[in-house]
1. With r defined as the distance between the Cβ atoms of K156 and T48 and R0 fixed at 35 Å, what FRET efficiency is calculated, to the nearest 0.05?
2. Grab the beta carbon distance between L130 and S83, set R0 = 41 Å, and tell me the FRET efficiency rounded to 0.05.
3. Excluding same-chain residues fewer than 8 positions from K143, which aspartates and glutamates have a Cα within less than 14 Å of its Cα?
4. Dividing the convex hull volume of the alpha carbon atoms of the range 115-259 by its residue count, what do you get in Å³ per residue?
5. Could you check the spin-label model distance between E258 and N138? Points 7 Å from the Cα along Cα→Cβ, value in nm.
6. Please tell me which of these pairs span more than 28 angstrom C-alpha to C-alpha: K117/K255; K117/K156; K101/K156; K101/K134; K156/K197; K70/K156?
7. For a footprinting-style exposure proxy, rank M133, M71, M149 by other Cβ within 10 Å, fewest first.
Amino acid sequence: MSMPELGISVLMSQFRCNEVIPSKQHFLWLSTVGPMENLKIDRERRTTTDQVFEDLRDDILSLALLPGAKMSEAEVAARFGISRQPVRDAFNRLGHLGLLKIRPQRATVVRGFSIEKIAEARFIRLALELEVMKQACNVWDQKCSDSAMRNLEEQKAAIDAETLDRFHTLDFQFHLLICELGGCHHAIDTIMSCRQKTDRLCVLSFNRDKEVDSVIEEHHQLIAALNERDEAKATDIIRTHLGRLDSVVAEIQSKHAEYFE
Ligand SMILES: [Zn+2]
């Protein structure tokens with residue numbers, strides 16, 4: 001199996017893994033753990049801590065729990081019908097992921113957005129994806145195009161079915177797929193960790209009118225540029241595409257200053 005094939009099979013395994021994991025998980029795990037860790041997820045072996053962690057993480061990333069929301073170990077333990085220790089362990093894991101703020105003698109709260117972390121993640125992701133476009137232009141062929149188009153068709157279907165979370169997953173997978181097809185498998189983990197820092201903002205951005213239409217249109221333009229192996233065009237498009245986050249940040253900051261740290 002060649003390296004690109006191996007990479008794609010890893011991605012496909014993630015998709016399959018995705019389908020068997022229950023609940024709201026299906027777009028969230030992809031952004032919070034590395035690919036190899038995902039492959040190890042086994043429902044049978046999930047501990048109580050894992051379940052609490054995953055449920056709370058999903059609620060935070062999907063904004064069911066908003067920044068600033070107070071979290072009580074006792075309440076969560078009561079809700080799950082479990083003791084406080086696994087809840088404490090889950091809280092600690094969420095703290096390490098930067099999703100909870102845990103302070104001694106004070107209430108634990110859902111962390112707000114950090115402008116600094118968002119800027120850092122945006123910078124690294126853009127730098128990587130610009131290079132991915134250059135590399136992809138060197139190797140892009142009809143097979144790559146067909147593969148990317150299949151994902152794009154699924155994106156449209158997700159929009160038609162009004163399943164925004166599914167669209168959100170597919171959008172990110174589209175970027176990882178180009179990474180794979182362009183022979184840049186090594187960049188995937190870093191792109192995933194960058195995405196984790198901006199995930200909640202992406203959820204908010206897709207609630208904005210017309211946002212999804214523009215995103216799909218840019219994905220189309222990206223495939224067209226890659227088909228032409230036009231490096232300048234592809235890098236221009238990805239710069240605009242990832243730059244979308246800036247207006248999302250500005251808008252959310254003006255409407256919801258309380259979401260930011
Ligand atoms: Zn995209």
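Nothing in this text is a laboratory measurement; each read-out follows from the coordinates by a stated rule. Bear in mind the structure is a predicted one, so any value in this text is a computation, not a measurement. Here the Cβ positions follow ideal geometry from the backbone for every residue, glycine too, while neighbour counts run over all protein chains shown.
1. Details: r = 40 Å, r/R0 = 1.13.
Efficiency computed from Cβ-Cβ geometry: 0.30.
2. Working: r = 49 Å, r/R0 = 1.19.
The calculated FRET efficiency here is 0.25.
3. By straight Cα distance, K143 reaches E5, E180, E228.
4. Numbers: hull volume 13.8 nm³, N = 145.
It is 95 Å³ per residue.
5. Label at E258, label at N138, 5.1 nm between them.
6. Details: K117/K255 20 Å; K117/K156 31 Å; K101/K156 37 Å; K101/K134 39 Å; K156/K197 26 Å; K70/K156 37 Å.
Checking Cα-Cα distances, K117/K156; K101/K156; K101/K134; K70/K156 exceed 28 Å.
7. Details: M133 27, M71 20, M149 14.
Ranked by crowding around the Cβ, least crowded first: M149, M71, M133.
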